[in-house]
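Here the structure is laid out as structure tokens; the discussion comes afterwards.
The values are calculated or read from the model by the stated rules, or taken from the named source; none is laboratory data. These numbers were taken from a predicted model, which means no experiment stands behind them. Positions of Cβ are generated from backbone atoms using ideal geometry, with glycine treated the same way; all protein chains shown enter the neighbour counts.
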Amino acid sequence: MTKIFEGSIFGEKMRIAIIGTRWNEFIVERLITGAKSAARRCGVLAENIDLAIAPGAYEVPFIAKKLADCGRYDAIVALGCVIRGETSHFEYVAAEAATGIARIACDTGTPVSFGILTVETTEQAIERAGAKSGNKGEEAMLAAIETFNLAQSIKEDG
């Protein structure tokens, strides 16, 4: 019989760090609010959620590594917003943030979920920060909790 591993969205005993960026703060604040709301619905205690404010998305992997290395957190939620401009800066920042976050999660064994919006327009960012397309901060928190629990089930039963 095939063994199936699944994670739950119950986070009662979890300690979670959220990284939010100062750049595009008016969008990121909405993502942070969504992430905290999702965490509370999953049973994470408010005192078990810490927030680090990074200057921008490019700096998020560095901060994620510091948070993962301290050993205090079960999962990290990276939130930010990169809006395309008229230069190639967008591609560099978005790619480095995504690659760095994935690398930190794999290197440290701490789940780091990617909740950094990479959008063409401010309107698209607003839609993904709680309007038409839901709240990607909330989705990133749920993914972090489920990934942690999935990893725990593999560790315990695998």
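Here are a few things to note about the model shown:
- Hey, residue 137 in contact (Cβ under 8 Å) with a residue 60 or more places away in the chain, among the small types (Gly, Ala, Ser), crowded, with 24+ Cβ neighbours inside 10 Å and not in a strand (DSSP E or B) or not: yes
- Failed item, numbered, when residue 68 is tested on (1) in contact with a Ser or Thr (Cβ under 7 Å, 6 or more places away or on another chain); (2) small (Gly, Ala, Ser); (3) within 20 Å of residue 30 (Cα to Cα): (3)
- Filtering segment 122-134 to residues that are basic (Lys, Arg) and not in a helix (DSSP H, G or I) leaves only 132.
- Segment 40-54 - residue that is hydrophobic (A, V, I, L, M, F, W, C) and under 15 Å from residue 140 (Cα atoms) and, of those, surrounded by the fewest Cβ atoms within 10 Å (Cβ to Cβ): 51
- Any hit, segment 66-85, residues being touching a Gly at 6+ places or on another chain (Cβ under 9 Å) and either modelled with pLDDT under 95 or hydroxyl-bearing (Ser, Thr, Tyr) (or both): no
- Answer from 122, 99 - the residue that is over 28 Å from residue 151 (Cβ atoms) and surrounded by fewer than 16 Cβ atoms within 10 Å (Cβ to Cβ): 122
- Test: residue in segment 71-82 that is out of contact with any helix residue (DSSP H, G or I) (no Cβ under 8 Å at 6 or more places or on another chain) and surrounded by fewer than 23 Cβ atoms within 10 Å (Cβ to Cβ): yes
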